[in-house]
Amino acid sequence: MEATLQASRLERFTAFIAAVHPPKVYALFAGLWAMSLFAVFSGFDGAWRLTFGQAAVAVSFFLILLFLRAVDEMKDFDYDRRHNPDRPLVSGTISHLEVIGVALAAAGLTVLINLTLSPWLALFTAANMAYGVLLWALERYWRRMRVSVLLNLAITFPVSAALNVYAWSYLSLANTAAPSLGLALPVILAYLCAALHFEFGRKLKWPQHAQAGENGYALALGTRRAVLVCIGLGMFSVGFMSLSFWLMGIGGVTLAAPTLAWLGSAAGLLIFAGSRRRHRDLKPYFGLFLLGFFLVNIIVIVTQRGVTI
């Protein structure tokens, strides 16, 4: 009987993770994100040298994102009951206690992995995840944060943005070729703008398609301004990335390589422009931008600087 209960619980855990944090998708996303940062940061000094530590950090990216997703599922429970009744927690596929178990397991594994790298990295990741929990409490008791999507973004975005600093910190603490914070800053800004471009792009929606009580950037800013902000963030991400390549001595047409990532965004914006009558999901197109952004950066460094193991 006990074995049956354990098997049933494991099935619920795996079904929950498959629904909210598909391992194949997020392993690719977290891996490309982390490795592209390592490639670019290493490019300031020469060839990109792959290490097991970098792989451990990439796994940590995946686990931290899983932890944050589990916390978000609990944080958004009341909203999802009205607007997303098919979410696993709302539909009863998994209990609140079990979601807490997923979050604790992800957090524990993250801290253990980082203890093998550096106590400071373990502390950094623990503090980052603790901030994610603090956001849950803050949103619960601060009404303005719940109703203002822009304020909410400003307060919650640092928890994922910090992962860029985490990757740079690993290289610095590992005594490998890490650029100064001044040189790393344009890279970090490029990745922040790319993430925000994705965030705004995937949530673009014409007002007539919004549900009652729904909170979105297009509703807060107006559709035209939301689109302009989305485009501007995408342009800044490419600009900061090209600046970073120039600072490391890469020139010529290669400086324009980051613009290739815009293929996904351009498709998403065109589809959005034609979706006044029927809402279209834009996440795949702007997700393609983000994955393309990571992949292009890796290709530039590998071809211009080389890679060693």
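Ordering Glu73, Glu98 from the fewest to the most neighbouring beta carbons within 10 Å gives Glu98, Glu73.
Taking a straight line from the alpha carbon of Lys75, these lysines sit under 22 Å away, with near neighbours fewer than eight places off in the same chain left out: Lys203, Lys283. Highest mean packing comes first when the peptides 288-297, 15-24 are listed by Cβ atoms within 10 Å, giving 288-297, 15-24. Could you work out the percent of alpha carbon pairs in the chain separated by over 33 Å, rounded to a whole number? Everything past 33 Å amounts to 28 percent.
The distance separating the Cα centre of the stretch 14-56 from that of the stretch 141-200 comes to 16 Å.
Annotation: amide H-H contacts under 5 Å for Trp48 (H modelled 1.01 Å from N, sequence separation of 5 or more, or interchain): Gly306, Val307, Thr308. Among Arg140, Arg277, Arg12, the order by Cβ neighbours within 10 angstrom, fewest to most, reads Arg277, Arg140, Arg12.
3J(HN,Hα) couplings calculated from phi for the stretch 19-28 with the Karplus curve 6.51 cos²θ - 1.76 cosθ + 1.60 (θ = phi - 60°) are, in sequence order, 7, 9, 8, x, x, 5, 5, 7, 5, 5 Hz; Gly and Pro show x. Summing Lys and Arg as +1 and Asp and Glu as -1 over all other residues whose Cβ lies under 12 Å from the Cβ of Leu134 gives a net charge of +1.
No value in this document is a laboratory result; all are computed from the given coordinates. Since the model is a prediction, treat every value here as computed from it, not as a measurement. Ideal geometry is used to build each Cβ from the backbone, glycine not excepted, and the neighbour counts take in all protein chains shown.
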